[in-house]
Amino acid sequence: MKKQSKNVKNKPGISGKDSDKYFRPESKEELVKILEKHDDELTVIAGGTDLLVANYKNLYKIDKWLDLNWLDSFKEIKFFDDKVEIGSMVTHERLDKLDQIKEHFPVIQEAAADVGSPQIRSRGTIGGNIVTSSPAGDLLPPLLVYDAKLKIISKDGEKIVDANEFFTGPKQNVLESGELVEKIILPFEDNESRGAWVKIGKRKALVISSISLALNLVFNDDNEIIDAKFCVGSAAPVPLRIEKAEQNLKNKKIKKIKIEEVAQIVSDEISPIDDIRGTAAYRKKVAFNITKSALQEVINQ
Ligand SMILES: Cc1cc2nc3c(=O)[nH]c(=O)nc-3n(C[C@H](O)[C@H](O)[C@H](O)COP(=O)(O)OP(=O)(O)OC[C@H]3O[C@@H](n4cnc5c(N)ncnc54)[C@H](O)[C@@H]3O)c2cc1C
């Protein structure tokens with residue numbers, strides 16, 4: 001039998017609901033009380049699909065756990081007249097399967113459907129994807145093209161942060177110790193909008209993107225583009241909005257879009273790196289091609 005490491009021997013008293021090392025609040029009030037006492041000592045666990053992999057060999061070093069899985073309010077998706085609020089504990093599977101998400105925010109639905117495998121989608125959450133802040137996080141570009149806002153909660157209260165300002169570097173963001181993402185707020189668009197999502201990876205399933213692209217165009221009644229949002233993933237330390245391409249598309253009728261010109265702008269604007277998932281030159285070329293296919297998809301819709 002394999003000998004158990006001395007670091008992982010059972011430690012009676014550190015697990016279970018009443019332990020002083022593991023907290024599982026069942027209401028927001030309970031959560032705030034825990035944050036008031038322990039905020040800077042806690043490691044938050046949502047679905048665990050990033051956290052447990054990243055800390056696989058050092059789980060015993062995590063001193064105090066804050067488990068969000070018992071907080072039903074963090075799992076709610078609430079629709080209002082002008083927005084939808086998605087709890088940070090909503091899984092990719094739910095985002096993929098919910099008809100209203102598909103109807104109003106198809107780029108999010110498609111990206112959620114592309115995450116990992118059925119097992120990962122049923123455990124992994126939108127909040128975990130955001131807070132991991134990987135440049136390859138599939139939901140990040142879609143959130144940026146839909147102008148998402150993040151509701152952050154801590155013992156000091158609540159605040160709203162624009163998703164465009166949340167990501168600061170690879171696996172880095174503006175969240176401070178003791179702050180949690182509670183909700184993702186997505187405003188409804190009054191006008192007709194059409195979007196596209198493209199993810200390129202080395203195989204078809206269970207793949208981290210080599211490059212991805214989210215696109216959302218808003219049209220007036222004359223089929224003229226009144227707002228355009230482009231965001232590329234895995235091509236920079238943070239998900240990258242391509243403002244030059246957005247400006248190029250604004251105020252254009254759909255038939256006047258110069259697909260190759262926009263694709264060239266996107267390819268020129270990104271400064272990707274060489275890594276195991278692809279070289280910088282490959283990513284630039286692919287950025288050109290996926291911009292063309294995303295625009296074509298929107299034109300055909
Ligand atoms: C095999 C495999 C395949 C994968 N494929 C993909 C893929 O294709 N695309 C992709 O984007 N990702 C992929 N992932 C990564 C991962 O599944 C996703 O990023 C997932 O959304 C993470 O969510 P989680 O709930 O599991 O987060 P967790 O692992 O529980 O947490 C991740 C991080 O966020 C923190 N955290 C979680 N929730 C909150 C919150 N509400 N407030 C504050 N901090 C919080 C945790 O402390 C931790 O640091 C894959 C992972 C694996 C293991």
Exercise for the section: Quick one: what are the phi-derived ³J(HN,Hα) couplings along region 19-28, Karplus 6.51/-1.76/1.60 with θ = phi - 60°, whole Hz, x for glycine and proline? Expected result: 6, 8, 10, 9, 10, 9, x, 10, 8, 5
Completion exercise
Given backbone amide H placed at 1.01 Å from N, residues whose amide H is under 5 Å from that of K83, ignoring those fewer than 5 places away on the same chain, are F188
Practice task
Please give every one of the aspartates and glutamates within straight-line cross-link reach of K159, meaning a C-alpha to C-alpha distance under 14 Å, and leave out same-chain neighbours fewer than 8 residues apart.
Solution key: E176, E179, E182
Problem - Over 19 Å (Cα to Cα) - which of K149/K284; K33/K155; K149/K253; K199/K258; K97/K292; K199/K284 fall in this group - result: K149/K284; K149/K253; K199/K258; K97/K292
Completion exercise
For region 23-123 the GluC sites (Glu not before Pro) that pass both the DSSP coil test and the at-most-16 other-Cβ-within-10 Å test are E26, E76
Completion exercise
With +1 on the Cβ of every Lys and Arg and -1 on the Cβ of every Asp and Glu, the dipole magnitude of region 43-154 about its Cα centre, in debye rounded to the nearest 20, is 440 debye
Fill in the blank from the handout: Distance in nm between E41 and N191 label points, each 7 Å along Cα→Cβ, equals 5.4 nm
Exercise for the section: Calculate one ³J(HN,Hα) per residue across region 221-232 by plugging θ = phi - 60° into the Karplus curve 6.51 cos²θ - 1.76 cosθ + 1.60, and present them in order as whole Hz with x for glycine and proline. Expected result: 5, 8, 6, 9, 6, 9, 8, 9, 10, 10, 9, 10
Handout entry: Helical contribution to [θ] at 222 nm, DSSP H n ≥ 4, -39,500 (n - 2.57), averaged over the chain, rounded to 500
Key = -8500 deg cm²/dmol
Exercise for the section: Run the quick spin-label model on I226 and D20: label points 7 Å from Cα toward the beta carbon, then report their separation in nm to one decimal. Expected result: 6.0 nm
Practice task
State the extension gain, in nm to one decimal, for the chain segment bounded by D99 and V174, taking 0.36 nm per residue of separation less the distance between their alpha-carbons.
Solution key: 23.8 nm
Practice task
Give me the number: length gained by fully extending A281 to K256, i.e. 0.36 nm times residue separation minus the C-alpha to C-alpha distance, one decimal in nm.
Solution key: 6.1 nm
Handout entry: HN-Hα J in Hz across region 41-47 - Karplus 6.51, -1.76, 1.60, θ = phi - 60°, x for Gly and Pro
Key = 9, 8, 9, 7, 10, 9, x
Handout entry: Sequence-separation-based contact order of the chain, relative, with Cα cut under 8 Å and 6+ spacing, percent
Key = 14 percent
Completion exercise
Semi-axes (Å, rounded, descending) of the ellipsoid equivalent to the chain per its C-alpha gyration tensor are 37, 22, 16
Problem - Relative contact order of region 17-70, defined on C-alpha pairs under 8 angstrom at six or more residues apart (%) - result: 53 percent
Problem - Electrostatic dipole magnitude of region 17-70 [Cβ: Lys, Arg +1; Asp, Glu -1; Cα centre; debye, to 20] - result: 240 debye
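Rule-based calculations on the coordinates, nothing more; no lab input. All values derive from a computational prediction rather than experimental measurement. Counting neighbours? That spans all protein chains shown, and the Cβs are built from the backbone with ideal geometry, glycine included.
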